[in-house]
Structures are given as C-alpha cells and as structure tokens.
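Undergrad: Can you read through this structure? Questions will come right after.
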Amino acid sequence: EKDFRDESDDNSRLSALYIDALDRKRHVSGRVGRQSRSTGGVLGRFDGGLFSYQPYSPVTVNLVAGYPVTSSTDTSINDDKHFYGLSFDLGTFMEHWNFNTFIINQEVDGISDRQAVGGETRYFDAYRSFFSLVDYDISYNELNLILFVGNWTFSDKTTFNMSLDYRKSPILMTSNALQGQGV
C-alpha cells in the first residue's frame, strides 16, 4: 500500500510467497518461502522449508524448518526465533482414517522456546467427520492443546456438531512468558 501523502507511512503485507515442487515419480515434494502450515506441530505462518517423502503408501515423512512469522506486516525474516520438526502422515486407512504424529523444537535467542510432541486424527465419511489434535510440551511437561471437532448428519438431515477445545492462551512458549509484563 503506497500512501502519497508526506506525513503517512507506506504499508506492506506478505502473507505467502513460496516455490513449490513435486516429483511424483520419486514421491518427493518441497516448498520454500513464506508459507502457512497448521499441521505437524507448526503454528501457522513461517519463512522456511517443508520437505516431504513418501517411502511407501500410506506413510509420508515431513521435515520442516524455518522462522515463525508473527504478522503478515513483517516483510523481512526475523532470525531471532527458529524451529525445526519431524512429522509423519499416516493414512488413509479403512477408507476413512488419517493420522499425523509430530515432534518439534523451537528456540529464541539460543534459549529453548517450545519443545512439543503430539498428533492428529481425522475421520471422514458421507455422514460423519471428526478431527482431534493433542499438543504436549515436553520441556515444560504441560498439555498445550486438546481439540476435538465432530459432525454427524442423520438420515433426516439433522446435524449434530460437537466441539471441545482446551488450550493454553497464549500457547506455552518461553517467549510468551513476559507478555503483558513491563520488562
């Protein structure tokens, strides 16, 4: 956003800018740049890389590393905080089930910021679906997040929805310890 008035500032936003590659023959894919991910322990937007390899169906191994992005107005890479992680996508099993397990490590200024393990479960069919997520911080020995979202549509078109959500707010990280403090 370019503001031509002398007393105003220009605004820039960068939500996504990446290169994505896929080799179907070798079952390898990669993405490098500013991107978002909401699985495998990654908490949203980051500058970095995601590399996946499917050694055999239904298993995919994912390696991710990068720098978290706090806001799309951050147009440069903030290298004070970085993370890396490993996850496994498993499925589809019995035509409806998919799973993901992960371990992730994040550091800020050389200090451990977040170390988490967890997993996701998904089920989909024509009438029912649910998603669950567990995120446990192994450095603080604390549960960070449990999420369950389910839907069931009955033959008379009645729909039952259920949502359970337990989470630390803000998410448990060393860098969040001083939020709201006058330090």
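The values are calculated or read from the model by the stated rules, or taken from the named source; none is laboratory data. From a predicted model like this one, the values you see are computed outputs, not experimental measurements. Note: ideal-geometry Cβ built from the backbone for every residue, glycine included; neighbour counts use all protein chains shown. For the accessible areas, the whole protein counts, side chains as well, though only heavy atoms, and no ligand, DNA or RNA atoms are used. Shrake-Rupley method; radii C 1.70, N 1.55, O 1.52, S 1.80 Å.
Undergrad: Return the residues of the range 38-55 that are modelled with pLDDT under 95 and open to solvent by 70 Å² or more (accessible area, probe 1.4 Å); say none if nothing qualifies.
TA: Ser38, Leu43
Undergrad: Sticking with this one: Return the residues of the range 164-183 that are loosely packed, with under 10 Cβ neighbours inside 10 Å, closer than 29 Å to Asp89 by Cα and either of a type in the set (Val, Ile, Thr) or in contact with a strand residue (DSSP E or B) (Cβ under 7 Å, 6 or more places away or on another chain) (or both); say none if nothing qualifies.
TA: The first filter runs over the range 164-183 and keeps only residues loosely packed, with under 10 Cβ neighbours inside 10 Å, leaving 169, 178-183.
Subset that is closer than 29 Å to Asp89 by Cα: 169.
The answer is none; no residue qualifies.
Undergrad: Identify, by number, the condition in (1) closer than 28 Å to Asp135 by Cα; (2) open to solvent by 30 Å² or more (accessible area, probe 1.4 Å); (3) at pLDDT below 95 that Ser72 doesn't meet.
TA: Among (1) closer than 28 Å to Asp135 by Cα; (2) open to solvent by 30 Å² or more (accessible area, probe 1.4 Å); (3) at pLDDT below 95, Ser72 violates only (2).
Undergrad: Name the residue that is nearest to the chain's Cα centre (by Cα), counting only residues in the range 10-37 that are surrounded by 13 or more Cβ atoms within 10 Å (Cβ to Cβ) and among the aliphatic types (A, V, I, L, M).
TA: Among those residues, the one meeting the criterion is Val32.
Undergrad: Same structure, new question: Name the single residue, out of those in the range 75-93 being part of a strand (DSSP E or B) and more than 19 Å from the chain's Cα centre (by Cα), that is surrounded by the fewest Cβ atoms within 10 Å (Cβ to Cβ).
TA: Of everything passing the filter in the range 75-93, Phe93 is surrounded by the fewest Cβ atoms within 10 Å (Cβ to Cβ).
Undergrad: Can you tell me which residue within the range 47-77, out of those that are touching a residue at least 24 places away in the same chain (Cβ under 8 Å) and polar (S, T, N, Q), is nearest to Arg114 (Cα to Cα)?
TA: Looking at residues that are touching a residue at least 24 places away in the same chain (Cβ under 8 Å) and polar (S, T, N, Q), I get Asn62.
Each row is one residue, and each column tells you yes or no for (1) under 26 Å from Asn161 (Cα atoms); (2) open to solvent by less than 70 Å² (accessible area, probe 1.4 Å); (3) touching a Pro at 6+ places or on another chain (Cβ under 8 Å); (4) not in a strand (DSSP E or B).
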position: Glu95; (1), (2), (3), (4): yes, no, no, yes
position: Asp113; (1), (2), (3), (4): no, yes, no, no
position: Tyr123; (1), (2), (3), (4): yes, yes, no, no
position: Leu145; (1), (2), (3), (4): yes, yes, no, no
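Undergrad: Search the range 38-53 for residues being among the small types (Gly, Ala, Ser) and assigned to a loop (DSSP other than H, G, I, E, B), and hand back the single one that is nearest to the chain's Cα centre (by Cα).
TA: Selected residue: Ser38.
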